[in-house]
Structures are given as structure tokens and as C-alpha cells.
Amino acid sequence: MKYLIILASLDLLLLALIFFSVLFIRLPTLLLFLNKRFELCRKFILKNETPFNVGFIMLFTVEQGLLIISIFISENINILKVTISLFSLIVIFTASLQATILQTRLRYEKERTSFVKRWIQITKELSERVKKKKDL
């Protein structure tokens with residue numbers, strides 16, 4: 001029996017070693033694939049800001065409606081406790097997802113704003129140099 005357990009453990013160890021070796025070898029490809037998909041998601045979110053906001057408002061409304069319905073249907077206090085706990089987890093997840101999307105959009109806007117500010121600063125410096133050369 002001990003021999004069988006040792007063989008099973010070695011088999012699992014070998015399988016894990018092979019899995020992580022393949023994962024490590026293919027990791028750059030996987031990360032590149034995920035990066036491309038996330039970039040497409042970011043572009044989609046930036047172009048469709050209003051539908052995302054409306055979608056999240058509707059999602060919060062549906063979640064709260066389901067909570068109210070489940071409270072009135074549930075007669076068992078233990079089921080009610082579980083329902084409220086699951087509801088709070090779902091709301092926290094939804095709010096975190098919305099915050100992540102908003103933060104992505106704000107970071108993008110901040111990068112664009114800093115680029116424009118830098119461009120304005122460069123054009124001012126160049127115009128001052130041109131004025132100085134004209135005065136000479």
C-alpha cells in the first residue's frame with residue numbers, strides 16, 4: 001500500500017513538473033496572447049464609455065432586484081443569510097470590476113493629457129526661440 005502511494009505521489013510530481021515546464025516554455029506566447037486581448041478590451045472600453053456605465057447601472061439594479069425577490073421568497077433564516085452573503089460578494093465583485101474599468105479609462109486620459117501638455121510646452125519653447133532669433 002505504501003509503495004502504491006509513493007508511486008502515485010511520484011507520478012503527480014512528474015506530471016506537475018511536466019506541466020510547469022511546458023507552461024514556463026510557452027509563457028511568453030501566453031502572455032503575448034493575453035496582452036493583445038486585454039489591449040483590444042481597453043480600446044473597446046475607451047470607445048464605448050456610455051454603454052459600459054449604463055450596463056453597470058443595469059447590472060446593479062438587477063442584482064438588487066434579485067436580492068429583494070430572494071428575501072421575500074426565502075422562509076429559512078439560514079438560506080437568507082447565505083443569500084445576503086452571496087449578494088454582497090457579487091456586488092463587491094461588480095463594483096471592483098467597474099472601478100478597474102474606470103481606472104483604466106482615467107489612466108489613458110491622463111496619459112493623453114500629459115502628452116498634450118508636453119506638446120504645448122514644446123511648441124511654446126520653439127515659438128520663444130523663433131521670437132529671440134527674430135529680435136536678433
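Summary of values
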{"quantity": "Residue check for LEU59: surrounded by 11 or more Cβ atoms within 10 Å (Cβ to Cβ) and either among the acidic types (Asp, Glu) or part of a helix (DSSP H, G or I) (or both)", "calculated": "yes"}
{"quantity": "Test: residue in the range 102-114 that is of a type in the set (A, V, I, L, M, F, W, C), farther than 30 Å from PHE20 by Cβ and at pLDDT below 90", "calculated": "yes"}
{"quantity": "Pairs where the first residue, in the range 74-97, is farther than 15 Å from LEU59 by Cα and the second is of a type in the set (Gly, Ala, Ser), C-beta under 9 Å, 6+ apart", "calculated": "ILE79/SER70; LEU80/SER70; LEU80/SER74; THR83/SER70; THR83/SER74; ILE84/SER70"}
{"quantity": "Residue count, the range 1-53 (criterion: part of a loop (DSSP other than H, G, I, E, B) and loosely packed, with under 10 Cβ neighbours inside 10 Å)", "calculated": "1"}
{"quantity": "Every residue from the range 1-42 that is among the charged types (D, E, K, R) and out of contact with any Ser or Thr (no Cβ under 8 Å at 6 or more places or on another chain)", "calculated": "LYS2, ASP11, ARG26, LYS36, ARG37, GLU39"}
{"quantity": "Residue list for the range 63-84, restricted to those being surrounded by 10 or more Cβ atoms within 10 Å (Cβ to Cβ), in a helix (DSSP H, G or I) and of a type outside the set (A, V, I, L, M, F, W, C)", "calculated": "GLU63, GLN64, GLY65, SER70, LYS81, THR83"}
{"quantity": "Members of the range 72-104 found to be more than 30 Å from ASN53 (Cβ to Cβ) and not charged (D, E, K, R), listed by number", "calculated": "ILE73, SER74, ASN76, ILE77, ASN78, ILE79, LEU80, VAL82"}
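The values are calculated or read from the model by the stated rules, or taken from the named source; none is laboratory data. Only a predicted model underlies this, so the values are computations on that prediction, with no experimental measurement involved. Backbone-built Cβ (ideal geometry, glycine too); neighbour counts: all protein chains shown.
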